[in-house]
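The values are calculated or read from the model by the stated rules, or taken from the named source; none is laboratory data. Computed from a prediction, not measured in an experiment: that's the story for all the values here. A quick note on method: Cβ atoms are made from the backbone with ideal geometry, for glycine too, and the neighbour counts reach across all protein chains shown.
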Amino acid sequence: MWNSLFLTIIVRWLDMLKEIHLLESKLEKLFSDYELIKSENVTLLENTETLRHQLIEKEQLLKKQKSEYDLLKIAKTIEGSITNKRDTKLKINVLIREIDKCIVELQE
């Protein structure tokens, strides 16, 4: 009787030890996965910031090139003013209206 009870207690204790070791193993794996994901997240955040800066630079370059393109269009229009004065006057009027709008916005 005592042997049977003692044996049952030992078996239960061994089962609990197995469960504890299994739990430890799972916790170690979970912690390892957490550290890996945390590291990947830092890398992704750094990449995102780099791409954000590149996007800003590209947008600024695009804005500058658009401005240069508009200036070239104006220069070509004025250059062609000898042959087509009416179109040139219309385009100049459009430019003056745009400048007036800008002045109004700056005053607000």
| message | Between ILE96, ILE74, ILE92, ILE20, which is under 37 Å from the mean Cα position of the chain (by Cα) and among the β-branched types (Val, Ile, Thr)? | response | ILE74
| query | Is there a residue in the stretch 72-80 that is of a type in the set (Gly, Ala, Ser), modelled with pLDDT under 95 and either touching a Lys or Arg at 6+ places or on another chain (Cβ under 8 Å) or part of a helix (DSSP H, G or I) (or both)? | reply | yes
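What number of residues within the stretch 1-53 are of a type in the set (Asp, Glu) and not in a helix (DSSP H, G or I)?
Our first condition is that a residue be of a type in the set (Asp, Glu); within the stretch 1-53, this holds for 15, 19, 24, 28, 33, 35, 40, 46, 49.
Now drop any that are not not in a helix (DSSP H, G or I), which leaves none.
Residues meeting the conditions: 0.
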